[in-house]
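A quick write-up on the structure given underneath.
The values are calculated or read from the model by the stated rules, or taken from the named source; none is laboratory data. Keep in mind the model is a prediction, meaning the values are calculated, not measured. FYI the Cβ positions are ideal-geometry reconstructions off the backbone, even for glycines, and counts take in every protein chain you see. Note: accessible area is taken over every heavy atom of the protein model, side chains too, but ligands, DNA and RNA are not part of it. Shrake-Rupley method; radii C 1.70, N 1.55, O 1.52, S 1.80 Å.
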Amino acid sequence: MTGAPARTLLLWCPDWPVLAAEIVDGVPATGPVAVLHANRVVACSERARAEGVRRGLRKREAQGRCPQLTVVEYDLGRDARAFEPVVAAVEELVAGVEVVRPGACAVAARGPGRYLGGEEAAAERIIEHVAQSCLVESQVGIADGVFAAGLAARAGRVVAPGGTPEFLAGLPVEALSRSALADLLRRLGVRTLGDFAALPAGDVLARFGFDGALAHRLAAGRDHRPLAVRQPPADLTVTAEQDEPIDRVDAAAFVARALAEQLHERLAGHGLACTRIGIEAVTEHGQELHRVWRHDGLLTAAAIADRVRWQLDGWLSGSNGRAGARPSRPTAGIIRLRLIPDGVIAQAGLQAGLWGETGEERERAHRALSRVQGILGPEAVVTAVLGGGRSPADQVRLVPWGDERLPARPDAPPWPGRLPAPAPAVVLPSPLAATVHDAAGEPVVISARLAVSAPPARLVVGTGQPAEIVGWAGPWPVDERWWAPVEARRRARFQVSLADGAALLLAVEAGQWLVEAIYD
C-alpha cells in the first residue's frame, strides 16, 4: 500500500458501558459501578476506580476492593442502542460517520476541519454539541488513521499531520489491544510501539503471523483502513393528512389503500421490499395510536392495504371500555395516518418456497390470525418458541403471532443440569404437590450431597391414591442464581414410571416433592 493514512477525527465516550447502563437501565453512573463479562470487569465508573477497581479484575476481587460496588452484566446490544443518539448528534454536524464500536465513532477530519474553522475548532464544536444534545461527556482525538485517532482521543489530543509515528512511538505495546502479543513482546524486551515498529516487517510476519504484521503496521502509524461510513437511510415513511376526521371503516379503507400503494411505489423505487410495517394514527383530540405488523414474506401493496385496513377496523370498531374485552374506541376521528416500513430488505433478498410463493392455505391462516390481532391486540394470538434452559418450563416462550421467533436463551452449548431426552409432553402451569415413600413407607429425602435416602417405591399426588413406582432415574441437581438470594433455587429432578404406565417428571425443593410435567 502507498500513501499516508487519512486524517481522522474520532469521538470517544469514556466508560461507555457504564453510561449505557445508566441510560437504559437507570443504574447511576456517579456511584461505584462495574460492568462484567465472563466474571471479569470490562468497564467501571470513576468512583469505582477510586476504590481500586480495575479492568480485568474478577468479580469477587472487585467486590472485595469496593463492597458497595454495583455489578452490571455486559450487554453489547444495550451499549449500541444507547450510543445511537450520540452518533445521530454527530451526524447533525458532519457527514460520513463510522461507528467503530459502541462508545466510539470516527469521521474524516478534512471536511469538518474546513467548514468548522480548523480541526481543533471542529473537535470542540462536536464535543459541545454531543454534551448539549445527549448530556454525554466525550473526548475527541485527531491523527493520521483510525487507530492513532482512537489513542489520541483518550488523551484528548490533536496530533499534527505527519506526527503520528512520533506520537505512537512512546506508547506501551498494550495499546495494540492484543494481550497475548503484548505479553510476548514484553518478554522479548519490546516494550513500546516504537520498539515494535523498528523491527523488520519480514521478521515480524515470519514470527508473529498476519495479525502480528497488521499490528506492526499500526504501531508504525501506517493505518490504511478507509472509513466505512454509514449512509443515512432514505426517508421511506408516507403520511396522509385528512381535512375531515375519519370515523368510519369504509372511509379508512379507502385512505389505507391509497397510502399503501404510495408506500409500495416508494419502496420499489429504492429496490426494497417490506416485511414489517408500523401503522401510526393521530386523532382529532391528539390521541396517538401505534401498532407493528410483521409478515414472513414480502408485503405487496394489497397486503399492506389489508393490514392497515384491519388495524383501522380494530381501532375504529373498538368497544366503549365495558367488560374490558376489547380496546376502547378512540374519542375522535383520525386526522393523520402514517405508514413506517420497519423491516426493509432488498426486493430479491427473500427466497420463495419450493413450490413458488407462500401457499394459499397458509396465507388464509395468516390473514385470519392477523385480523384477530388487529381486533383483540397482538397478545391475543401467540405461538411457542423453543430455547435454552434447564427445566421444560424454561425452554418454551410464547410470542405474539408474526413476531420474530427467536429464543430468549440460546440453546447451545447444552445447559449443564439440563434434563436428558425425551422431553415431557405436558408441562403443568403450576406444579402439583406430592409425597414419595420408600418400600417401608418412610418418606424419601434427598441430602445436601444429593444422596437418596432409599429407592422411591410409592407416589401420592395431592390427596389421590398411592401409585407404585416401577422405575426411576435421577437425581439431576440444579443450583440456580446462587448469587441472588431472593431468586436462588436449589432443586433436584427425577423421572419416574408408574405401574399404570404413566411417566412423570418430579422435583424436590426444600424437602417438598412436586410433579412438574407428564411424559407421553
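Note: relative contact order over the chain, using C-alpha pairs below 8 Å and six or more positions apart, is 8 percent. A Förster radius of 35 Å, combined with the Cβ-Cβ distance separating Trp482 from Ala198, puts the computed FRET efficiency at roughly 0.10. Using the Cα coordinates of region 138-205, the gyration tensor eigenvalues translate into equivalent-ellipsoid semi-axes of 23, 13, 9 Å, sorted from longest to shortest. Is the shape of region 1-122 best called rounded, prolate or oblate, per the rule: a/c under 1.5 gives rounded, else a/b larger than b/c gives prolate, else oblate, with a ≥ b ≥ c the square roots of the Cα gyration tensor eigenvalues? Prolate is the answer for region 1-122, as a/c is 1.5 or above and a/b outweighs b/c. Only protein heavy atoms count here; on that basis, with a 1.4 Å probe, Leu514 has an accessible area of about 30 Å². Oblate is the label for region 413-470, because a/c, from the alpha-carbon gyration tensor with a ≥ b ≥ c as root eigenvalues, is 1.5 or above and a/b does not exceed b/c. Converting phi to 3J(HN,Hα) with the Karplus coefficients 6.51, -1.76 and 1.60 and the offset θ = phi - 60°, region 182-187 yields 4, 5, 5, 4, 5, 5 Hz in sequence order, with x at every glycine or proline. Among the GluC sites (Glu not before Pro) within region 130-225, those in coil by DSSP and having at most 15 neighbouring Cβ atoms inside 10 Å are Glu137. Cα convex hull, the chain: 261 Å³ per residue, rounded to a whole number.
Restricting the count to DSSP beta bridges whose residues both fall in the chain, what percent are antiparallel, rounded to a multiple of 5?
Given both bridge residues lie in the chain, the antiparallel proportion sits at roughly 95 percent.
Remark: relative contact order (region 252-312) = 46 percent; criterion is Cα-Cα distance under 8 angstrom and separation of 6 or more residues. The percentage of C-alpha pairs in region 425-520 whose separation is greater than 16 Å is 55%. Taken about its Cα centre, region 451-502 carries a charge dipole of about 140 debye when Lys and Arg each add +1 at the Cβ and Asp and Glu each add -1 at the Cβ. Since only Pro424, Val41, Ala89 are under comparison, the one whose Cα sits farthest along the positive direction of the charge dipole of the chain, derived from C-beta charges on Lys, Arg, Asp and Glu, is Val41.
Taking chymotrypsin sites (Phe, Trp or Tyr not before Pro) in DSSP loop states with no more than 12 other Cβ atoms inside 10 Å as exposed sites, the chain has its longest site-free stretch at 1-354.
How many nm is it between the label spots at Arg490 and Glu124, if each spot is 7 Å from the Cα in line with the beta carbon? Distance between the two pseudo-spin positions: 6.3 nm. Using only side-chain charges placed at the Cβ, +1 for Lys and Arg and -1 for Asp and Glu, the dipole size of region 1-132 relative to its Cα centre rounds to 600 debye. Per-residue extension of 0.36 nm, minus the Cα-Cα distance of Ala451 and His37, leaves a gain of 145.6 nm for this segment. Atom-type composition of the exposed protein surface of the chain places 54 percent of the accessible area on carbon and sulfur (1.4 angstrom probe). This model, with +1 at the C-beta of Lys and Arg and -1 at the C-beta of Asp and Glu, gives the chain a dipole about its Cα centre of some 1280 debye. The residues Asp79, Asp247, sorted by heavy-atom accessible surface at 1.4 Å with ligands and nucleic acids left out, run Asp247, Asp79 from largest to smallest. Relative contact order for region 124-232: what is it in percent, counting Cα pairs under 8 Å that are at least 6 residues apart? Relative contact order for region 124-232 comes out at 24 percent. For the chain, the residue among Gln311, Pro456, Ala109 whose Cα projects farthest onto the positive side of the dipole built from Cβ charges is Pro456. Based on protein heavy atoms only, the chain ends up with 55 Å² per residue of surface accessible to a 1.4 Å probe.
Note on Asp500: accessible area approximately 120 square angstrom, rounded to 10, probe 1.4 Å, nucleic acids and ligands left out. The slack between His270 and Val24, meaning 0.36 nm per residue of separation minus the straight C-alpha distance, is 85.2 nm. The label point for Thr237 and the one for Arg54, both projected 7 Å from the Cα toward the Cβ, are 4.9 nm apart.
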